[in-house]
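Okay, so here's the structure we're looking at.
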Amino acid sequence: MTDISARVRVGTRGSELARRQTDEVVTALRQHWPMLDITVHIFSTTGDQVTDKPLPQIAGEGVFTSALERALLEGQIDLAVHSLKDMPIALTPGTQIGALPARAYAADVLISREGYTLETLPDNAVIGTSSRRRAAQLRHQRPDAQIKDIRGNVDTRIRKAYDPANGYDAIVLARAGLERLGRLEDASQTLPLDVMLPAPGQAALAVQCRAEAAWRVLLAPLNHAETAVAVTAERGFLHGLGGGCALPVAAYATATADELRLRGRIIAFDGSVQIDVEDTFSTADPTAAGARLAQQALAKGGARLLEVLS
């Protein structure tokens, strides 16, 4: 195997979804390396602790990842399991993404106690989301809708959606989270990608480790090549727009052995402008492919949108 000790400590957030995602990784590790003694350690992140503010109002990047990264660099854990979409584009020095396992379906879903779809929601419906990307696309599709912030783990948000006292006609969540929790029946509609393009890296897991070759050897069997190419291109699109782009950004890619198809979207906060780009590339350099598509989006009007914010 490697010169790594047979004892491996894995860090995760404490939510049920984070635990389920970590269980997927731990199960795969044990299948490939049955001699490993794997222990799971729970951490609370800034995003978990601050639940009374919308996510964009919580200062700093990595609100769901930085606590795990500190533990990784300080040697408290050996691996950290993240939702890739939560990870900043620039990795913390001394760390690396050791594996990107096979991705779940990246679409978003609508959840409504009345079983509404986006099309059948009543006029001026209240839709809950904590994501600027989702909010902007919802406003583009339903300018009449009232977008109301909602925080909490998946179960908490579903409970809020089902309780009329909270005032939501529907909420939007990632389909992958419901699937991993065995709650897909709660979805009243899987939103088409043309309507709601996902966040870069959505539905993908990332196993982060220290920047040491032995950890990459250990994690290599967990890496899914097509997923890695696709999400790297999506993150390349975001980076090509200026890293932490000030505008809502969405991207989705699919990859085969020799072809990468990438879609990107920039949306004005109020949903009034939505810029879509799509192209096919070689899989040789997915980061460069993402950057090239970002330039197309900027040339198509994205640069003007960014100028308005500057």
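The values are calculated or read from the model by the stated rules, or taken from the named source; none is laboratory data. Quick caveat, the model's predicted, so the values are computed rather than measured. Neighbour counts run over all protein chains shown; Cβ positions are idealised from the backbone, glycine included. Surface accessibility is based on the protein's heavy atoms, side chains included, excluding ligands, DNA and RNA. Shrake-Rupley method; radii C 1.70, N 1.55, O 1.52, S 1.80 Å.
Structure summary
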{"quantity": "Solvent-accessible surface (1.4 angstrom probe) belonging to Arg157, in square angstrom, nearest 10", "calculated": "40 Å²"}
{"quantity": "R0 of 30 Å, Cβ-Cβ distance Ile42-Ala288: FRET efficiency to nearest 0.05", "calculated": "0.20"}
{"quantity": "Axial C-alpha extent at least 15 Å, average Kyte-Doolittle at least -0.5 - helices from the chain (DSSP)", "calculated": "225-240, 286-297"}
{"quantity": "Charge dipole magnitude, Cβ of K and R +1, D and E -1 - the chain, Cα centre, debye nearest 20", "calculated": "340 debye"}
{"quantity": "Label-point separation, Glu259 to Leu306 (7 Å along Cα→Cβ), nm", "calculated": "3.0 nm"}
{"quantity": "Average silhouette area of region 221-261, convex hull of alpha-carbon atoms, in square nanometres", "calculated": "3.4 nm²"}
{"quantity": "Computed accessible area, Lys160, all protein chains, 1.4 angstrom probe, square angstrom", "calculated": "70 Å²"}
{"quantity": "Computed helical MRE - 222 nm, the chain, DSSP H runs ≥ 4 contributing -39500 (n - 2.57), nearest 500", "calculated": "-9000 deg cm²/dmol"}
{"quantity": "With all protein chains modelled, accessible area of His239 [1.4 Å, Å²]", "calculated": "110 Å²"}
{"quantity": "Computed Rg/Rh of the chain, alpha carbon atoms with Kirkwood Rh", "calculated": "0.97"}
{"quantity": "Projected-area mean, region 195-258, by convex hull of Cα positions, square nanometres", "calculated": "5.8 nm²"}
{"quantity": "Cα-projected label distance for Ala211 with Ala246, points at 7 Å along beta-carbon direction, nm", "calculated": "3.0 nm"}
